[in-house]
Amino acid sequence: MSKISISKKTAWSLILKINTKISCNNNLVNINEDISGHKINIIFNKSNNHIENSNLRDDHEVNDLLKIFLPIVCSSKKTQFIAHIAQSLDGFIATNSGESKYISSKENLDHIHRLRAISDIIIVGANTFREDKPKLTTRLVEGNNPKIYVFDPKKILKSNQTSNIKVISDKDIMRNKFKKYKTIYIEGGGRTISYFMEKNILDRIHVCLCPIMLGGGRPSFIENKNISINNLKSYDPKHYQMGNDVLFDLKVR
């Protein structure tokens, strides 16, 4: 098979096309697409998240992009919940005052926007929405903006703060309100992601480890006081360099 070289931008366009077009019902996904004048052929094995064969020349950035996103866009799940969180080396996502912009690298910020672009819905916690006022768009990458929902089980937001945003509670989640959507992306914060993990709803999480030390602040995950070391689940993460950060890709369930 004759090998071709493609850019990271072309690889991303391929991922977007797969997300909306390719049938992923079989374990081996045959990808044959013409993107930007390149005829791309990939055979992806979903059972072990491995590219069995392709006509692409070896390129570190392109390979990492495909390895990170093919398991998501080729998932057989009718509905999947994914999440991302960026934390310091000592396990904090923000200072005590809530300052968190931007602890991760530009490369990771691009990655966050790509996660938004492949998702039908993005869910963000009420505190994060109120304090950070995130735009939650895909402005840094190619792709459509997802629908935005704010998770507010304690009803801390006022109506004038959410005039154009849909607000949901834990009851909406447990009633499986989002079963008609393929990919639900939980962007933060720590309490919201912890809720989805505790309820065994989350399928995959990306944890970005940033080379800084905050020395205190808001923890990445909410403490479970009843936890036992012997009962902890051990994960087998993939990891990728992302600027100065390291991204850990964990399949949670």
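Among the candidates K171, K158, single out the residue that is assigned by TED's automatic domain parsing to the domain that holds T137, among the charged types (D, E, K, R), over 16 Å from the mean Cα position of the chain (by Cα) and at pLDDT 85 or above.
K171
Can you tell me which residues in segment 40-92 are assigned to a helix (DSSP H, G or I) and buried (at least 17 other Cβ atoms within 10 Å of the Cβ)?
If the condition is that a residue be assigned to a helix (DSSP H, G or I) and buried (at least 17 other Cβ atoms within 10 Å of the Cβ), then V62, D64, L65, L66, I68, F69, L70, P71, I72, V73 are the ones that fit.
Out of contact with any Gly (no Cβ under 9 Å at 6 or more places or on another chain) and without any contact (Cβ under 8 Å) to a residue 24 or more places away in the chain - does that describe any residue in segment 73-82?
No, every residue in segment 73-82 fails to be out of contact with any Gly (no Cβ under 9 Å at 6 or more places or on another chain) and without any contact (Cβ under 8 Å) to a residue 24 or more places away in the chain.
Search segment 206-253 for residues being at pLDDT below 95 and among the polar types (S, T, N, Q), and hand back the single one that is surrounded by the most Cβ atoms within 10 Å (Cβ to Cβ).
Residue satisfying both the conditions and the ranking: S220.
Which one of I31, I93, I40 is in contact with a Lys or Arg (Cβ under 6 Å, 6 or more places away or on another chain) and either in the same structural domain as P134 (by TED's automatic domain parsing) or not charged (D, E, K, R) (or both)?
The unique qualifying residue is I93.
Restricting segment 122-142 to residues that are farther than 22 Å from K158 by Cα and either among the β-branched types (V, I, T) or outside the structural domain of K155 (by TED's automatic domain parsing) (or both), which is surrounded by the most Cβ atoms within 10 Å (Cβ to Cβ)?
T138
Could you tell me whether any residue of segment 224-237 is of a type in the set (A, V, I, L, M, F, W, C) and in contact (Cβ under 8 Å) with a residue 40 or more places away in the chain?
Within segment 224-237, not a single residue is of a type in the set (A, V, I, L, M, F, W, C) and in contact (Cβ under 8 Å) with a residue 40 or more places away in the chain.
Across segment 127-154, what is the number of residues that are modelled with pLDDT of 90 or more and at positive phi?
Adding up the residues that qualify gives 2.
Would you mind stating whether G98 is closer than 15 Å to P219 by Cβ, surrounded by fewer than 20 Cβ atoms within 10 Å (Cβ to Cβ) and either modelled with pLDDT of 95 or more or not hydrophobic (A, V, I, L, M, F, W, C) (or both)?
Spelling it out, G98 is indeed closer than 15 Å to P219 by Cβ, surrounded by fewer than 20 Cβ atoms within 10 Å (Cβ to Cβ) and either modelled with pLDDT of 95 or more or not hydrophobic (A, V, I, L, M, F, W, C) (or both).
Return the only residue of K171, K179, K166 being over 28 Å from K233 (Cα atoms) and out of contact with any helix residue (DSSP H, G or I) (no Cβ under 9 Å at 6 or more places or on another chain).
One residue alone meets the criteria, K166.
The values are calculated or read from the model by the stated rules, or taken from the named source; none is laboratory data. This one's a predicted model, so the numbers in the text were calculated from it and none came from an experiment. Reconstructed Cβ throughout: ideal geometry from the backbone, glycine too, with neighbour counts over all protein chains shown.
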